[in-house]
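**Student:** Starting off with a structure, shown below.
No lab work stands behind these numbers, since they all come straight from the coordinates. Not measured: the values here are computed from a predicted model. Every residue, glycine as well, gets a Cβ built from its backbone with ideal geometry; the counts of neighbours run over all protein chains shown.
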Amino acid sequence: MSFDPLYLNLTGRIAGVDEVGRGPLAGAVVTAAVILDPDNPVKGLDDSKKLTEKKRAMLSVEIKEKALCYCIARAEHGEIDELNIFHATLLAMKRAVEGLTISPDKVLVDGKFCPDISFSCEAVIKGDSRVAAISAASILAKVSRDNEMIALEETYPGYGFAKHKGYPTKLHIEALQKLGICPIHRKSYKPVQKILNQT
């Protein structure tokens, strides 16, 4: 795809930041920060939601190999309950940026808000389809979180985490009603609260 020329012309080390997992009823919100190498581009980048699972997995490996640096960070379900999802997401983004081994000259974040960081930062609406580095971050975060939820299927069988990744699907709601909540559910989310109130 062709990215926004406004951001293609930026010079210096540009870190793209994105998150995955604001909507799920369970698990962490996962973020990634990526500084791509302009001399070693990754082809086929796009908003992670527009890519197949296989394509995301392949690109994730390539991004990790070619990027100047990257960091995948998170805020746990308990932090989401304590801070709310908005502030927990910004915290996870802050952790991702501060975990980079190279200091960025500018940080571009998908969405409307920037985390509290010491670097120059700009929020970019639909950034995952406008800025290559944000697209790369969205792919790393998505693949990381999906793999984690697939692994948690074995720890907490019966909830279908491998299929819905914690999102409030019909399958997930039915499992909640049958099994109750498990330790990684977000207790501040209404569908989970509803189950808690029934017990």
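**Student:** Looking at the chain, which Cys residues are left with no other cysteine's beta carbon under 4.7 Å from theirs?
**Tutor:** C69, C71, C182
**Student:** Against the longest alpha carbon principal axis of the chain, how many degrees, from 0 to 90 and to the nearest 10, is the axis of helix 132-155 turned?
**Tutor:** 30
**Student:** Work out, step by step, the length gained on full extension between T52 and L10: first 0.36 nm times the residue separation, then minus their alpha carbon distance; give nm to one decimal.
**Tutor:** Details: separation 42, 0.36 × 42 = 15.12 nm, distance 2.92 nm.
Separation in residues times 0.36 nm, less the Cα-Cα distance, equals 12.2 nm.
**Student:** Give the order of V192, V131 when sorted by the count of other beta carbons within 10 angstrom, beginning with the fewest.
**Tutor:** V192, V131
**Student:** Hey, quick one: spin label on N40, modelled 7 Å out along Cα-Cβ, who in the range 53-72 has an amide N within reach, i.e. under 12 Å?
**Tutor:** Output list for this probe position: 62-70.
**Student:** Restricting attention to the range 113-199, which chymotrypsin sites (Phe, Trp or Tyr not before Pro) occupy a DSSP loop and are surrounded by at most 14 other Cβ atoms within 10 Å? Present the calculation step by step, with values, prior to reporting the outcome.
**Tutor:** Working: sites: F113, F119, Y159, F161, Y189; in loops: F113, F119, Y159, Y189.
Here the sparse-neighbourhood loop sites are F113.
**Student:** Which angle between 0 and 90 degrees, to the nearest 10, do you get for helix 170-179 versus the longest principal axis of the chain when only C-alpha atoms count?
**Tutor:** Once rounded, one gets 40 degrees.
**Student:** Please give the direction-averaged projected area of the C-alpha convex hull for the chain, in square nanometres with one decimal.
**Tutor:** The Cα convex hull of the chain, projected and averaged over all directions, gives 11.0 nm².
**Student:** Per-residue ellipticity at 222 nm for the chain, helices alone: DSSP H runs ≥ 4 residues times -39500 (n - 2.57), over residue total, nearest 500 deg cm²/dmol?
**Tutor:** That comes out to -13000 deg cm²/dmol.
**Student:** Full-extension gain between E76 and A162, please, as 0.36 nm times their residue separation minus the C-alpha to C-alpha distance. Mind showing how you got there, number by number?
**Tutor:** On the way: separation 86, 0.36 × 86 = 30.96 nm, distance 1.83 nm.
Length gained, E76 through A162: 29.1 nm.
**Student:** Please give the FRET efficiency for E65 paired with K190, using the beta carbon to beta carbon distance and R0 = 35 Å, rounded to the nearest 0.05.
**Tutor:** Numbers: r = 41 Å, r/R0 = 1.18.
That pair, E65 with K190, gives E of 0.25.
**Student:** Something else about it: When a footprinting reagent is the concern and you count Cβ atoms within 10 Å, what order do M58, M93, M149 take, fewest first?
**Tutor:** M58, M149, M93
**Student:** Something else: Report the Cα centroid-to-centroid distance between the range 38-54 and the range 113-185 in angstrom, as an integer.
**Tutor:** 18
**Student:** With charges set only on the Cβ (+1 for Lys and Arg, -1 for Asp and Glu), what does the dipole of the chain come to about its Cα centre, in debye to the nearest 20?
**Tutor:** That gives a dipole near 620 debye.
**Student:** As a quick test, which of the pairs K43/K142; K50/K170; K55/K94 have an alpha carbon distance above 25 angstrom in this structure?
**Tutor:** K55/K94
**Student:** Within 10 Å of each candidate Cβ there may be at most 11 other Cβ atoms; applying that plus a DSSP loop requirement, which trypsin sites (Lys or Arg not before Pro) in the range 147-199 survive?
**Tutor:** Details: sites: K163, K165, K170, K178, R186, K187, K194; in loops: K165, R186, K187.
For trypsin sites (Lys or Arg not before Pro) across the range 147-199 that sit outside H, G, I, E and B with at most 11 neighbouring Cβ atoms in 10 Å, the list is empty.
**Student:** Test of the criteria: in the range 25-110, which trypsin sites (Lys or Arg not before Pro) are in a DSSP loop and have at most 12 other Cβ atoms within 10 angstrom of their Cβ?
**Tutor:** On the way: sites: K43, K49, K50, K54, K55, R56, K64, K66, R74, K94, R95, K106; in loops: K43.
Counting only loop positions with at most 12 other Cβ atoms within 10 Å, the trypsin sites (Lys or Arg not before Pro) in the range 25-110 are K43.
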